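Take a look at the structure set out below.
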Amino acid sequence: MSVSPSDRVLHAPAVAGARADTPSTVLSWLTTVDHKRIGILYGTSAFAFFLLGGIEALVIRLQLAVPDNSLVSAHTYNELFTMHGTTMIFLAIMPFNAMFFNFVVPLLIGARDVAFPRLNALSFWIFLVGGLLLNASWLTGAPPDVGWFGYANLTSKHYAPGLGVDFWIFSLQILGASSVIAAVNFIVTILNMRAPGMTMMRMPVFVWMTLVVQFLIALAFPPITVGLIFLMFDRFFGTHFYDVAAGGDLHLWQHLFWIFGHPEVYILILPAFGIVSEVLPTFARKPLFGAAVVIYSGVLIGFFGFGVWSHHMFAAGMGPVADSAFSIATMLIAIPTGVKIFNWLATLWGGAIRTTTALHFALGLVGLFTIGGLSGVMHASPPVDLQQTDSYFVVAHLHYVLIGGSLFGIFAGIYYWWPKMTGRLLGEGLGRLNFWIMFAGFNLAFFPQHYLGAIGMPRRIYTYRPDLGWNAANLASTIGAFGIGVAVLVFMVNAWRSLRRGAPAPPDPWDGRTLEWRTSSPPPAHDFDTIPPVASRDAFWREKYGPRRSAAGGAGAAGSASHHAAIHLPAPSHGPLMIALGLLLAAVGGLTHVALVAIGVLWTIWAAVRFALEHHRAPEHADQTGVLALDHRKMAMWVFLGSECFFFGTLIATFLAYKGRSVVGPAPHEIFNIPLTSLSTFDLLMSSLLMVLALAAVQRGDRRQTRLWLAGTAFFGLIFLGFQAYEFTSFVHEGFTLQRNLFGSTFFLLTGLHGTHVAIGVFWLLVLWVLDLRGRLGAVDAVKVEIAGLYWHFVDVVWIAIFTLVYLIP
Amino acid sequence: MPSGLARGTLEAAVDVPTKATCGLALTLGLGGCAWDAPMSTVAARSDLARDILHVYSIITWITVGIALVVGVGLAWVLVRFRDRPDAPRMPAQTRGHTLLEISWTIAPAIVLLVIAIPTIQVIFRTQAAPTRDALEVRVLGHQWWWEFRYPTLEVVTANEMHVPAGRAVALTLDGPDVIHSFWVPMLGGKRDVVPGRLNRLTFTAETPGEYRGQCAEFCGASHANMGMRVVVDAPDAFARWVAAQKAEPVEPAAGPAADGKAIFARSACVGCHTIRGVSSGALGPDLTTFGSRHTLAAGILPVTVETVAAWVKDPSALKPDAKMPALGLTDEQARAVATYLIGLK
Amino acid sequence: MSDEHREHEAPTVGTYVRVALVLSVVTALEVGVIYVRRLAPIIVPLLLAMSAAKFALVALFFMHLRYESRVPTFLFVGPLVLASGLAVALMTLTGAFLVFGR
């Protein structure tokens, strides 16, 4: 088998800690697929957006420092708090977390990269496009001004006619795509690429929290994707999802948003919990107390996090039963959270505590998140929440958990892993200063806001009257906010000095417990010279201080040249950047001219096909079986299909929720052609049969039969699409359109999106058909046909549900 | 390697709980313990607010207690188990303790039960259907003002709601444009105004007085300028108010007020505003008894000739994006109209 | 779902064709029953059951879950169950549970 010239095959250097030569040109960064570099790209971008969001916050606080202020207009203020929230959540905290996922998780599990390095790069470039697009709205004078939560119908074309909301929609969709792609990648990586002997329960807690977060992302983003599609269609195509006059329910947006939004807050905090769970044991020199319990509580929080979303809607009028149910569910979630905090305290108890800056920030999280979590418990009681929600009390709560929790955790991680990532040490003196100024500034900024909320200051107001007693606390809060700014500056000085002339970092500066400390700082391109078998959690600690086994167990990387084989490193690729640019073009087209949308979509498709085929038939990529005896690509497809369950589930639920609420006709039973649809259903079912025959053919290497059945499947898919096209056009002729009524909106969008999935499947099958024709699809490529098949069968299965729930059920 | 441990012991003492306490003290000091601020959520003046405050107090004390326990625990642990750089220890590598885990899972659960029980009770009690003798008030939230309609009394007014003390008031909330939220903290929690849904809020105000409220759901440019007043009257005062609302407007005295009426009647004002006997526009607030109100433009300004004239002349200057257009009146005309409106008691 | 690791047992073409046949028959039945008046009171659970059966057949056989380790099943069924639960919750909260009766 020939080796593709673009692959780099490395033999591990004989000396531990030697850095492989990696060029540092701009091009090398644009095309990198190395998880460490991608981590740094995420971190740098996150920091830039964090500064931007911070400036937005400081302007907000300046405006609110005194009553009846006119530093900024009402419009600008509304834009500022919208952009501040959206930026901090999606462009600062999430990518900071992604920095750690990328750089550290493969090291923690003893892997050399993630399962899909090029997909990893794709996630980053798509994220950057999304972030730049959102902030480009400042330059056009039309940033969104509807709040980061954009409640319908304030976001309708009627009440928000400018481009702002459109910028917001497109950016969020793009950012969502980035996150979900990364989620699939990391789930497969964590499940399938662990070092030998690393069972799930031996994984570091940070990796567990990452795993839970990735599932949350994969499953929580589809509902908001659908909600945003509804909004986009309302704005661009006259549908009625959030149109009260047509029978729409404004609560629908709130539900879809918060079904995403609540898991989102766990997405934001769980990584910080994971970081604390690594930092505390390291600096207490003890294992994490109750590690299994901490892991289970993280899993429980993630799972139950899907069941509490309407606690954001206690004032919305859902009725006492719903209020009570969500209240109890929310209180229940407090239990595993509290358990974590107690376990952290018990970790410190009896330890030998070294107070590094990283530990300071971790301890800060423990204290501040306790406060934020407790104010959250207050919000869990609807009667109390009716006074606290939409006031500065909840603003205090969310900043205690997001800054006191997430940001302090992120800074703990930065101080902890900086040596590993950069090969330098951050100054501890400046670090302490950084911490204390941030701690004091943060508490001064946000503790008074509990009081402000308690004396009735609503949130999202650009100014306030002077006779309400809110003046002094607002001024204090503003001063504190600037304190946070100063702390960030101190950090920047610390970082700069470290990078310019900081002390070089040894591989294991903290006497760490986990595998990332087992390689050089920073790691070589191939991460580890050798990967030892793992016998417990805290594998490295056990290696250093645990029971002595035979010396040849892989302990120490030096002089183990005889143990390594040729290490395959993923080659750089232009593909991710190209795809991201295509998406940018399409989004810009959505804001300007439809021709650009077409060009952007075509570009994206072209770039995606090239991307998919870039390493087709590369021998190193043939076998991707992982720890769970499942091919990476197959596992990825299953995870993606899980995510799609949420996507179609949301669409179907909306259809059923809106059924019977159209103000004008026609109604379903008046317009459906059941016999015809039965035929198309039968056709799709048969296409699945043809698909499994195609898979069987490719598995036994029968090229002609493969082509026959692939073409057959695609053909049947086209027939299905033909039926659908016929159905749509006949409906339109009868006056039943997308815009006709609520039924039209929900029906055409649901079946249209399903049809789009079918069309993508047909395209995919035709690509495979062409590959086979050219002799480039053999038994070794069977897994590629298999995953196409899984996708195809899933689309079929969704139709089974649609046929029954939409067409048949009266 | 980490340095600066000389300051260590002092740091350990000046730490999380101390700072939090300082923060608390600072806040209380700054606030001057002004818990009876005009929009305080902890000064209950109705049965609804009182029910809420009952649960609020229970939860507050519990959470403050827990915060102190955790804070003190954290501080103590940090002081007690500091490592000495000159004599580093390898502590016992304890992994866990099942009984402890069970205990600190059950304990929070019990605490939450203590919170949950009054919570559920109050939810159902405060959302029960209003009694038959409740005064029905329809609240319509507009961008950016409040309309109040009393169907049983045939009274329509805006931005200032009067209710009788000691009698249940049943609000139904609706709106023709976007989502708003009705919030008068001293009279209870908030309830959203959701177009297309009929939400309810029921309370019995106890003490006569004037209470301030504000819209509490972001509703566009002038969300911050959508205040309101709820005046709780003793029953006879309320009856007088109702009578005044229903009375026919008195002819204005000759002079500026009469001029103002004439200007009003011939301007676009009549397209949006109702003054009984003069006009019947339905897009803006009913002005029939404008002069009886204490504030202007949804609670953002006091009512004087100057403020009303300024508003009439250029609404958007005082309330960004106000739907009421500037009609190009001169200062003198604006003052005349203001005088007329203030005379409408 | 069998607990055993059944990777080496592969379905035959015959199995696939039989599954396809059952799917066709059940589809025909589904369409048929909606015209039978006497079944109207139980039509909704009946249709849901038939639909679920088809769903399961495609997942177990065509998507090969019956012959794989438990990993793919968990990865798929977990989200499926959660999504279904959320869908039902969403429909209930928007007051739509009357939808099946209309």
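Quick note: the coordinates plus some simple rules give every number you see, no bench work behind them. Keep in mind that what you see is a predicted model, and the values were worked out from it rather than measured. Don't worry about glycine lacking a Cβ; one is built from the backbone with ideal geometry, like all the others, and counts go over all protein chains shown.
Worth pointing out:
- Helix-only mean residue ellipticity at 222 nm for chain B, each DSSP H run of n ≥ 4 adding -39500 (n - 2.57), per residue, nearest 500: -12500 deg cm²/dmol
- Exposed trypsin sites (Lys or Arg not before Pro) absent: longest stretch of chain A, with sites in DSSP loops and at most 13 other Cβ within 10 Å deemed exposed: A:20-547
- Mean residue ellipticity at 222 nm, helices only, chain A: -22500 deg cm²/dmol; runs of at least 4 DSSP H residues each add -39,500 (n - 2.57), and the sum is divided by the number of residues.
- Spin-label model distance (nm) - B:A262 vs A:A595, 7 Å beyond Cα toward Cβ: 6.1 nm
- The mean count of C-beta atoms from other chains within 10 Å of the C-beta of residues in A:623-633, rounded to a whole number, is 1.
- For the protein assembly as shown, with +1 on Lys and Arg beta carbons and -1 on Asp and Glu, the positive-most of A:S521, A:L750, A:G413 along the dipole: A:S521
- Dipole orientation for the protein assembly as shown: of the candidates A:G302, A:L108, B:V184, A:L108 has the Cα lying most toward the positive pole (charges on Cβ; Lys, Arg +1; Asp, Glu -1).
- Angle between chain B longest axis and helix B:16-31 axis [Cα atoms, degrees, rounded to 10]: 20 degrees
- Distance between modelled label sites at A:T140 and B:A109, nm, 7 Å Cα→Cβ extension: 5.4 nm
- Crossing angle, helix B:47-80 versus chain B [Cα axis fit, 0-90 degrees, rounded to tens]: 30 degrees
- Residues A:L773 and C:A10, FRET efficiency given R0 of 30 Å [Cβ-Cβ distance, rounded to 0.05]: 0.65
- Anchor B:K246: aspartates and glutamates whose Cα lies under 13 Å away (excluding residues fewer than 8 positions away in-chain): B:E154, B:D286
- A simple charge model with +1 on the Cβ of Lys and Arg, -1 on the Cβ of Asp and Glu and nothing else charged puts the dipole of the protein assembly as shown at about 2220 debye relative to its Cα centre.
- Contact order relative to length of segment A:322-444, as percent, for alpha carbon pairs under 8 angstrom and 6 or more apart: 32 percent
- Residue-wise HN-Hα coupling along segment A:129-141, computed from phi with Karplus coefficients 6.51, -1.76, 1.60 (Hz; x: Gly, Pro): 4, x, x, 5, 4, 4, 7, 5, 4, 4, 6, 8, x
- Our summary gives chain A a relative contact order of 17 percent, counting only alpha carbon pairs under 8 angstrom and 6 or more residues apart.
- Amide proton proximity set for B:L135, modelled H, under 5 Å, gap of 5+: B:A168, B:V169, B:A170
- Within segment A:682-722, the proportion of C-alpha pairs whose separation exceeds 15 Å stands at 32%.
- Across A:K157/B:K313; A:K36/A:K420; B:K261/B:K345, pairs whose alpha-carbon gap is larger than 19 Å: A:K157/B:K313
- Residue of B:T330, B:T60, B:T98 that the Gaussian network model of chain B assigns the largest fluctuation, springs spanning Cα pairs under 10 Å: B:T98
- For the pair C:S69 and C:A53 in one chain, pulling the backbone fully straight at 0.36 nm per residue adds 3.6 nm over the alpha carbon distance.
- Net charge dipole size for segment A:576-716 [Lys, Arg +1 and Asp, Glu -1 on Cβ; Debye, nearest 20]: 160 debye
- DSSP-defined antiparallel bridges as percent of all bridges, the protein assembly as shown, nearest 5: 75 percent
- DSSP bridge pairs, chain B: antiparallel proportion in percent, nearest 5: 70 percent
- Taking every DSSP beta bridge that has both ends in segment B:68-224, the antiparallel portion is near 75%.
- Stretching the chain fully between A:A725 and A:A612 yields a gain of 37.7 nm (0.36 nm per residue, less the alpha carbon separation).
- Listed by chain and number, the aspartates and glutamates whose C-alpha is less than 15 Å from the C-alpha of C:K54, apart from same-chain residues fewer than 8 away, are A:D683, A:D796, C:E30.
- Under a 5 Å amide H cut-off, with hydrogens placed 1.01 Å from N, B:H142 pairs with B:E147 among residues at least 5 apart or on other chains.
- One decimal place: the segment B:Q121-B:T207 gains 28.5 nm when fully extended, by the rule 0.36 nm per residue minus the C-alpha distance.
- Peptide A:314-326 has a mean shielding of 6, counted as Cβ atoms of other protein chains within 10 Å of each residue's Cβ.
- Peptide B:185-194 has a mean shielding of 6, counted as Cβ atoms of other protein chains within 10 Å of each residue's Cβ.
- For C:S69, A:S179, B:S103, the sequence from fewest to most other C-beta atoms within 10 Å is B:S103, C:S69, A:S179.
- Annotation: peptides A:674-683, A:797-806, A:573-582, ranked by per-residue average of other Cβ atoms within 10 Å with the highest first, follow the order A:797-806, A:573-582, A:674-683.
- Fewest-first sequence of A:V294, A:V588 by Cβ atoms within 10 Å of each Cβ: A:V588, A:V294
- For the protein assembly as shown, with +1 on Lys and Arg beta carbons and -1 on Asp and Glu, the positive-most of B:G175, A:Q214, B:P235 along the dipole: A:Q214
- Taking a straight line from the alpha carbon of A:K340, these lysines sit under 23 Å away, with near neighbours fewer than eight places off in the same chain left out: A:K286, B:K19.
- For chain B, the relative contact order works out to 15 percent when only alpha carbon pairs closer than 8 Å and six or more residues apart are counted.
- Going by neighbour counts of Cβ atoms within 10 Å, the residues A:I55, A:I190, A:I567, B:I115 line up, fewest first, as A:I55, A:I567, B:I115, A:I190.
- Neighbours of B:P88, meaning other residues whose beta-carbon lies under 12 angstrom from its beta-carbon, give a summed charge of +2 when Lys and Arg score +1 and Asp and Glu score -1.
- Cβ-based net charge around A:L708, under 11 Å, with every Lys or Arg adding one and every Asp or Glu removing one: +1
- Taken as Cα centroids, segment A:474-503 and segment B:308-345 sit 49 Å apart, rounded to the nearest whole angstrom.
- Dipole in debye (nearest 20) - segment A:35-193, about Cα centre, beta carbon charges: Lys, Arg +1; Asp, Glu -1: 540 debye
- Highest average packing first - A:442-452, B:288-298, Cβ atoms within 10 Å: A:442-452, B:288-298
- Protection proxy ranking of B:140-148, B:272-280, A:121-129 - average other beta-carbon atoms within 10 Å, highest first: A:121-129, B:140-148, B:272-280
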